[in-house]
1. Go through 4-10, 161-167 and give me the packing order, highest mean Cβ count within 10 Å leading.
2. Using modelled amide H (1.01 Å from N, peptide plane; none on Pro or chain starts), what sits under 5 Å from the amide H of residue 49, excluding residues fewer than 5 places away?
3. Could you give the dipole magnitude of the chain about its Cα centre, charging the beta-carbon of Lys and Arg +1 and that of Asp and Glu -1, in debye to the nearest 20?
4. Given H placed on each backbone N at 1.01 Å, which residues far from residue 68 in sequence or on other chains put an amide H within less than 5 Å of it?
5. Would you mind calculating the gained length between residue 13 and residue 124 on full extension (0.36 nm times residue separation, minus the Cα-Cα distance), in nm to one decimal?
6. Once phi is turned into θ = phi - 60°, what whole-Hz ³J(HN,Hα) does the Karplus curve with 6.51, -1.76 and 1.60 give for every residue of region 19-29, x standing for Gly and Pro?
7. Could you list the GluC sites (Glu not before Pro) in region 131-194 that lie in coil according to DSSP, counting only those with at most 11 other Cβ atoms within 10 Å of their Cβ?
8. Once phi is turned into ³J(HN,Hα) by the Karplus curve 6.51 cos²θ - 1.76 cosθ + 1.60 with θ = phi - 60°, what whole-Hz value does each residue of region 3-12 show in order, with x for glycine and proline?
Amino acid sequence: MAAHDLRGVTLLKGALDAAGQAALVAELRAVAAAAPLFHPETARGRKMSVRMTSAGRLGWVSDRRGYRYEPAHPQGMAWPEIPPRLLTLWDAVSGSAVPPDTCLLNYYGEGARMGLHQDRDEAELHHPVVSLSLGDEALFRVGNVERGGKTESVWLASGDVAVLSGAARLVHHGIDRIRFGSSRLLPQGGRINVTLRVAGATGTDSP
């Protein structure tokens, strides 16, 4: 597992092998069956291009009320438990003794993207963020803690992990595009991004 640095973000190439990826996808399908994927809506009423759901004690949601963590899915059911395989990954790469209490699943279909943003809706922002890529390759862009300025990008492949911690915990980052069909992991194509965090409490902070 090779480690690289991108503007303070630690990139772990090939952190999860092919067998582990396939097993995890099956577990994530069970999560999505219990808490269906949905299109979040921004406070301005625009639907995001990704579909998402969550696992853990809390799940991230977005609607006209803003961005926040909630203890239940928008349809009312409790979030499923975080798959143990992901908890093992957190222990291996996060450097944190505090386990994650939320796991966000983003599905990127053809043409989906995610603009530059900060992960700042958590109650305590000193805990790391661990992000795992599954499926199609994605162009990952990293900027600065302050909005604007120079950015750098790298292609993430299936099984790659990015860890945002320390001074890089609040850097702006996003996904410019995916290479749809570049991986055979998901039969219908696309990319799953799995993000582990310590949310700590419900909140209504916005980037």
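No lab work stands behind these numbers, since they all come straight from the coordinates. Since the structure is predicted, the reported quantities are computational estimates derived from the model, not experimental observations. When we count neighbours, we look across all protein chains shown, and the Cβ atoms used for this are built from the backbone with ideal geometry, even at glycine.
1. Values: 4-10: 15.9, 161-167: 19.1.
Averaged packing, sorted descending, gives the order 161-167, 4-10.
2. 113
3. Values: 23 positive and 21 negative charges, 123 e Å.
Charge dipole, the chain, about its Cα centre: 580 debye, nearest 20.
4. 61
5. Difference between extended and current length: 37.2 nm.
6. Karplus-based 3J(HN,Hα) across region 19-29 equals 5, x, 4, 5, 5, 5, 4, 4, 5, 6, 5 Hz.
7. Filter output for region 131-194: 146.
8. Result, rounded to whole Hz: 9, 10, 10, 10, 6, x, 7, 7, 9, 10.
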